[in-house]
Every structure is written in structure tokens, then in C-alpha cells.
Amino acid sequence: MTQGRGTGGLASEREQRLALTQLTVAYWRSGVLFAALRLGVFDALAEQPLTAHAVAARCGAARDHMTRLLNACVSLQLLELVDGEYRNGRMASRFLVASGEHYLGGWVKFMADFYGAWGRLDEAVRSGSPVQDGLARLTAGEDYTRHMMLAMHEYAMGPGRELVNRVVLTGRRRLLDVGGGTGAYSILLAQNHPGLEAVVFDLPAVVGITRETVARYGLSDRITARAGNYHDDDLGTGFDVVLLSNMLHQEDPETCLRLLRKAASALVDGGTLIVQLAFLNPDRVGPPWAVLLSLQVLLAYQGGRMYTTDDIVAMLPAAGFDGAEVQKGSLVAAESLILATKAGVRGKPDKPPKGDR
């Protein structure tokens, strides 16, 4: 008999019981991370090792309770304990100290914002509707919009550094970054291609943050921000590259096809489309990151889902593209790329695939 997918080869009752226990309490681990980050533990330990009493004093916490949290961080290899003093582990030093170049703490805090929503996953599955409004949260107020955008900037800089080495834009002059947020990818691509100029297209609530971020990198003369809603507004014309990065998964298949057609309209003939996404495997039960992301977008976006590369590639001829190329992401960059060329003659309209079910 052929072993089914997902059994994991757990033969004994003991192995199965242990696996179930670990899965059941998996949220305890993220709870430790979220609490330590919110309390400022990693920043408190950025300069030197400290006792639990000293960390508690710096973070404004009860000593005994802080000791328990610090010990949990040691157990999870976030911290180290040497001669009664705690210090940041290598991962925390690199990614969880706010002054660090590779800080991801804002993104971790943003993921913590979904903690409650994941507890209502059954409600979303039963009703077929999100339990949060992702767009409303994004535009709820300047503070939260900034929190979200800077969090996504932190995350994007990781896969973005890989993306710039995977796409060749030699001779390309104008890039359109649709739903580009802070402009992280445009910044990295502009740094890597001195002759490239970019327009970041995003919501009115976002573009002010885009301009601030671009200015910090000294690229305001080459990267501009344009306010609009890609559902309702045209994207402009005359671009020779259009980037759709980590935004199609917020949309249903019909909307994806409309956006791909808008991208084609914005491109010159022979222009390049780049789609970046954490794609599902053809069987839709892996990889785990994409499978879980498909539930994450279910919680916040009506019609949102993850796609296979075949799903998107199948839409491209009807949108006016040909010559699709798929580039798989690495273990560092979970996202893969689809590159396609705008055809000289638009393809015939067609129905998009249904996406994951």
C-alpha cells in the first residue's frame, strides 16, 4: 500500500502522541518570542550580558516572571545563559535588536497582530469570509499603516537581496512596482542598476511612507511614488518592467487576470513582467510556508489565496504575455519568480483557473 501524503512516517503511538503534543502547543513558542520582543528583552541585552534582575529592571517587569521568560528564551535558543547572566543568541543578535542592520522585529510584531485571528480560523473556514479586513487595517490610521509598511520592508529586504541577483534588467530604464509599499524592491533594483528609474504605485495612505523610505536611501531622484488603487486606476504606460511582488495572493483568480492585463497595458511591447510569490506545489499540500500563507490571506482578504506557478502561467497568454520562465526560490527566499514578456499582439480573452481549493 502506498503511504499517503502527510503521514510523516510516524509508526509508533509514542511518536504520534509526541508529534500531536508538539503541534498542539506550538503557539507557546511564538508567544515567548512575541512577549520578549514586546518587553524589549533583546534590546536590553544588545550591549552586554545581564542578570534576570537587571533585565527585569530595564524592561519594567517583575523579576521572578522575567526569569521564567528568559529561561524559556534560552530553551528556544533565542538567549544564552552563562554564569548567571543572559545574553542574546546569534539569531536574536542578528534579527531582533532594533539597531541592527538586519532587524526583523517589526515584522515579527506585525505577525503577532494576527495571533487572535488565527484562533478564529474555524470561523473563517465555516463562513467563507475573512475575520479581519486587511485593507481596512492597512488604512485604519497613520500609526498602524507605518507599522505595517515598515514591517513588510524589513521582511522584503531579505528576499529582495536575492531577487536582484536573479533578474537581469540591463538596458531597462523604467520600472513600475505595483503595490510596492515602501519601495524595498525598487530600492534594491535601482541600487543594482544605476540606469533604472522606478515608480512605486500604492494607496494614498502608503505613498508618504514610500517617499520617506526612498529618501533614506538617497534615491528620491530615481524612485517616485504614485498614489492610486490598482483595482480601480490605470497603472500608466511606457514601462519596460512591471513588478508584481507578493500582492496577487490577496486577490481571487478573476482579479489576478485583470491585474495582469493592466500590467501588460503599462508595458511597452517586449517589456518584462516579474511576478514574485510564495507559490504552492502542484499538489497544493506544500511547501508548508505557502500552504499556511494561503490560510493567512483567507483570514484577511476576501478571495485571497496562494497559487501554483501553473495557475499564474495559465493566465499569461490571455493577459498578453508569452515566453514565461519560472525561477524557484531558495531556502532563504521562500518566494519564486515568474518572468514573462509582453507580446506584440494581445492574446485572446480566457477564463482564469480556479486557484487552490
Quiz item: Has segment 282-296 got any residue that is in a strand (DSSP E or B) and of a type outside the set (Phe, Trp, Tyr)?
Solution: no
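Take Ala112 and decide whether it is of a type in the set (Gly, Ala, Ser), modelled with pLDDT of 90 or more, surrounded by 16 or more Cβ atoms within 10 Å (Cβ to Cβ) and farther than 24 Å from Arg226 by Cα.
yes
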Quiz prompt | Residue count, segment 175-205 (criterion: surrounded by 24 or more Cβ atoms within 10 Å (Cβ to Cβ) and either part of a loop (DSSP other than H, G, I, E, B) or modelled with pLDDT under 95 (or both)) | solution = 4
Quiz prompt | Of all residues making up segment 265-321, the number that are more than 18 Å from the chain's Cα centre (by Cα) and of a type in the set (Ser, Thr, Tyr) | solution = 2
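Please go through segment 77-93 and give me each residue that is within 14 Å of Leu37 (Cβ to Cβ) and either small (Gly, Ala, Ser) or surrounded by fewer than 18 Cβ atoms within 10 Å (Cβ to Cβ) (or both), ordered by number. Talk me through it step by step, then tell me what you get.
First, the residues of segment 77-93 that are within 14 Å of Leu37 (Cβ to Cβ): 78-79, 88-89, 91-93.
Gly89, Met91, Ala92, Ser93, listed by residue number.
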Quiz item: How many residues does segment 229-250 hold that are surrounded by fewer than 23 Cβ atoms within 10 Å (Cβ to Cβ) and either part of a strand (DSSP E or B) or not hydroxyl-bearing (Ser, Thr, Tyr) (or both)?
Solution: 13
Quiz item: Which condition number in (1) part of a loop (DSSP other than H, G, I, E, B); (2) surrounded by 14 or more Cβ atoms within 10 Å (Cβ to Cβ); (3) in contact with a Lys or Arg (Cβ under 7 Å, 6 or more places away or on another chain) is the one that His102 fails?
Solution: (2)
Self-check item: Filtered residues of segment 105-127 (kept if of a type in the set (Phe, Trp, Tyr) and part of a helix (DSSP H, G or I))
Solution: Trp107, Phe110, Tyr115, Trp118
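In the set Gly270, Gly195, Gly218, which member is assigned by TED's automatic domain parsing to the domain that holds Ala324, closer than 19 Å to Val326 by Cα and out of contact with any helix residue (DSSP H, G or I) (no Cβ under 9 Å at 6 or more places or on another chain)? Steps first, answer last, please.
Working: Gly195 fails: closer than 19 Å to Val326 by Cα; Gly218 fails: closer than 19 Å to Val326 by Cα.
Residue meeting the stated conditions: Gly270.
Please specify each residue of segment 287-328 satisfying the condition of being within 19 Å of Leu121 (Cβ to Cβ), touching a residue at least 12 places away in the same chain (Cβ under 8 Å) and surrounded by fewer than 18 Cβ atoms within 10 Å (Cβ to Cβ).
Here is the first cut: in segment 287-328, the ones within 19 Å of Leu121 (Cβ to Cβ) are 288-306.
From what's left, touching a residue at least 12 places away in the same chain (Cβ under 8 Å): 289-291, 293-306.
Passing the criteria: Trp289, Val291, Leu295, Gln302, Gly303.
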Quiz item: Which of (1) within 29 Å of Leu169 (Cα to Cα); (2) modelled with pLDDT of 95 or more; (3) surrounded by fewer than 18 Cβ atoms within 10 Å (Cβ to Cβ) is the odd one out, the single condition Val332 does not satisfy?
Solution: (2)
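The values are calculated or read from the model by the stated rules, or taken from the named source; none is laboratory data. Keep in mind the model is a prediction, meaning the values are calculated, not measured. Note: ideal-geometry Cβ built from the backbone for every residue, glycine included; neighbour counts use all protein chains shown.
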